[in-house]
Every structure is written in structure tokens, then in C-alpha cells.
1. Of the numbered conditions (1) farther than 17 Å from Lys70 by Cβ; (2) β-branched (Val, Ile, Thr); (3) crowded, with 18+ Cβ neighbours inside 10 Å; (4) more than 11 Å from the chain's Cα centre (by Cα), Val43 fails exactly one; give the number of that condition.
2. If you check Pro111 against the conditions, is it in contact with a Ser or Thr (Cβ under 9 Å, 6 or more places away or on another chain) and either surrounded by fewer than 18 Cβ atoms within 10 Å (Cβ to Cβ) or among the acidic types (Asp, Glu) (or both)?
3. Of everything in the stretch 81-100 that's over 20 Å from Arg3 (Cβ atoms) and out of contact with any Lys or Arg (no Cβ under 6 Å at 6 or more places or on another chain), which residue is surrounded by the most Cβ atoms within 10 Å (Cβ to Cβ)?
4. Quick one: Arg36 ticks every box in (1) touching a Lys or Arg at 6+ places or on another chain (Cβ under 8 Å); (2) among the basic types (Lys, Arg); (3) modelled with pLDDT under 95 bar one, so which box is it?
5. Touching a residue at least 60 places away in the same chain (Cβ under 8 Å) and of a type in the set (S, T, N, Q) - does that describe any residue in the stretch 87-94?
6. Right, Ala53: under 16 Å from Leu106 (Cβ atoms) and either touching a helix residue (DSSP H, G or I) at 6+ places or on another chain (Cβ under 8 Å) or at pLDDT below 95 (or both) or not?
7. So, Pro111, is that one assigned to a loop (DSSP other than H, G, I, E, B), over 18 Å from His23 (Cβ atoms) and not aromatic (Phe, Trp, Tyr) or not?
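The values are calculated or read from the model by the stated rules, or taken from the named source; none is laboratory data. Every value quoted in this text rests on a predicted model; they were computed, and no experiment measured them. We place every Cβ from the backbone using ideal geometry, glycine too, and count neighbours over all the protein chains shown.
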Amino acid sequence: MARLYANENFPHPVVQQLQDLGHEVLTSGEADKANRVIPDDEVLEFASSEGRAVLTLNRKHFVRLHQSGKPHHGIIACTFNPNFKEQAGSIDEEIRNHPNLQQQLLRINRPADDPKG
């Protein structure tokens, strides 16, 4: 399973679901990096130094970092989904489809509302 680093703004219930699915997820709080206003490039560097892909809701900045060619162990950029179990399942599925996250940018979007529903 994947080694991940949850950026400070990433929902803890999704982290818990991912851990239940077998992923090793380190949070910014566990890494003693919470509430310190760490720049995104430093977040990416820290995650990479730990051999982890970044989980983030801060899509724009991390997509830009990926496009800059900066080396990394993966970026999983998500939209906010209040259905945490669904979001964790979508992340897990994408990780399974991309077992080598090195230099990969995965985009996880909340499914559109069902027009029938």
C-alpha cells in the first residue's frame, strides 16, 4: 500500500478511512508540522524526504509545483467531498491504478451530484 502525507487541511476522517484500507498515512500533526504555516514547496519536500505522496485539498498550488518539474513522490490533489468514505475509496482506487506514485499527479474530484437523485 501507499505511503502518504496528509497536508494540514486534509480531512482526518479520510485519513482514518485510508488507514483502514491499509495505507500508511502520516498527518502534519503527527509530524509536528501543524499550525506552522509551512509553504507548499516545503510540504512537498518534507513528504518526498519521507518517501510519501502528498494528500491535499490545495489543488492549485500543488498542481503548479508538479508542473514545475520539482521532484516528488506523488501528489494526490482532491476536491472537498463531505462523503469521507467515498473520497477515501476514490483515492484508494486511483492509488491501485497507479502503484508507482513517483512524479505522478492524481486528481480526485468529488462526483457530480446525481441529477436523478
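1. Val43 satisfies every listed condition except (1).
2. Working: in contact with a Ser or Thr (Cβ under 9 Å, 6 or more places away or on another chain): yes; either surrounded by fewer than 18 Cβ atoms within 10 Å (Cβ to Cβ) or among the acidic types (Asp, Glu) (or both): yes.
In short, yes.
3. Taking the stretch 81-100 and keeping what is over 20 Å from Arg3 (Cβ atoms), we get 81-86.
When the remaining residues are screened for being out of contact with any Lys or Arg (no Cβ under 6 Å at 6 or more places or on another chain), the result is 82-86.
Values: Pro82: 9, Asn83: 13, Phe84: 16, Lys85: 13, Glu86: 14.
Among them, the one singled out is Phe84.
4. It is condition (1) that Arg36 fails.
5. First, pick out the residues of the stretch 87-94 that are touching a residue at least 60 places away in the same chain (Cβ under 8 Å): 87-89, 91-92.
When the remaining residues are screened for being of a type in the set (S, T, N, Q), the result is 87.
For the stretch 87-94, residues touching a residue at least 60 places away in the same chain (Cβ under 8 Å) and of a type in the set (S, T, N, Q): present.
6. Working: under 16 Å from Leu106 (Cβ atoms): yes; either touching a helix residue (DSSP H, G or I) at 6+ places or on another chain (Cβ under 8 Å) or at pLDDT below 95 (or both): yes.
Taking the combined requirement at face value, the residue satisfies it.
7. Working: assigned to a loop (DSSP other than H, G, I, E, B): yes; over 18 Å from His23 (Cβ atoms): yes; not aromatic (Phe, Trp, Tyr): yes.
Yes.
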